[in-house]
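The values are calculated or read from the model by the stated rules, or taken from the named source; none is laboratory data. All values reported here derive from a predicted model rather than from experimental measurement. Glycine also receives a Cβ, built like all others from the backbone with ideal geometry; neighbour counts cover every protein chain displayed. Surface accessibility is based on the protein's heavy atoms, side chains included, excluding ligands, DNA and RNA. Shrake-Rupley method; radii C 1.70, N 1.55, O 1.52, S 1.80 Å.
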Amino acid sequence: MSARTRTTPGQELAPLEIPITRTLIVAGAIASRDYQDVHHDAELARAKGSPDIFMNILTTNGLVGRYITDHFGPTAVLRKVAIRLGAPNYPGDTMVLTGTVEEVEASPGGETAVVRVVGANGIGRHVTGTVTVTVLEGGAA
């Protein structure tokens, strides 16, 4: 990688705002084959104590992966995604993903970085965790 595209510890990724819509929540649940009623049926979600349907962890995992690969480019390979959920993502809110590079090391054909990721919404932190990504030579950072 050239010096101008090198990733450095402490580097902050640009924030990504994701509007949380009913369609996003339901489509993510269907795409990940998660048919739990709390992800698509507002009435049943309320009966179980939730104010509305809410996003499942697999959708969140995919959005975190997208955030990282959008930043690092088409040669980025996700090696590990370790996340924990907090405040639910409900329809009508916005989740803002932010990231900070914690570690960087040379790897065959590129470099590998560990990025701390936080996704916050109007009620708190929806997701926290780390993503390990290898960026192959020729990728953008």
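Which residue, of G62, G129, G119, G99, is among the small types (G, A, S), surrounded by fewer than 19 Cβ atoms within 10 Å (Cβ to Cβ) and in a strand (DSSP E or B)? Quick ask: steps written out before the conclusion?
Values: G62 fails: in a strand (DSSP E or B); G119 fails: surrounded by fewer than 19 Cβ atoms within 10 Å (Cβ to Cβ); G99 fails: surrounded by fewer than 19 Cβ atoms within 10 Å (Cβ to Cβ).
So the residue among G62, G129, G119, G99 that is among the small types (G, A, S), surrounded by fewer than 19 Cβ atoms within 10 Å (Cβ to Cβ) and in a strand (DSSP E or B) is G129.
Scan segment 78-97 and tell me whether some residue there is hydrophobic (A, V, I, L, M, F, W, C) and at pLDDT below 95. Checked against the condition, which is being hydrophobic (A, V, I, L, M, F, W, C) and at pLDDT below 95, segment 78-97 yields no hits at all. A single member of N56, N61 is at pLDDT 95 or above, farther than 30 Å from E111 by Cβ and not hydrophobic (A, V, I, L, M, F, W, C), and it is N56. Working only within segment 102-116, note down all residues that are out of contact with any Pro (no Cβ under 9 Å at 6 or more places or on another chain), at pLDDT 95 or above and open to solvent by 50 Å² or more (accessible area, probe 1.4 Å). Of everything in segment 102-116, those that are out of contact with any Pro (no Cβ under 9 Å at 6 or more places or on another chain), at pLDDT 95 or above and open to solvent by 50 Å² or more (accessible area, probe 1.4 Å) turn out to be E105, R116.
From the list R33, R79, R46, which residue is open to solvent by 50 Å² or more (accessible area, probe 1.4 Å) and touching a residue at least 12 places away in the same chain (Cβ under 8 Å)?
Details: R33 fails: touching a residue at least 12 places away in the same chain (Cβ under 8 Å); R46 fails: touching a residue at least 12 places away in the same chain (Cβ under 8 Å).
One residue alone meets the criteria, R79.
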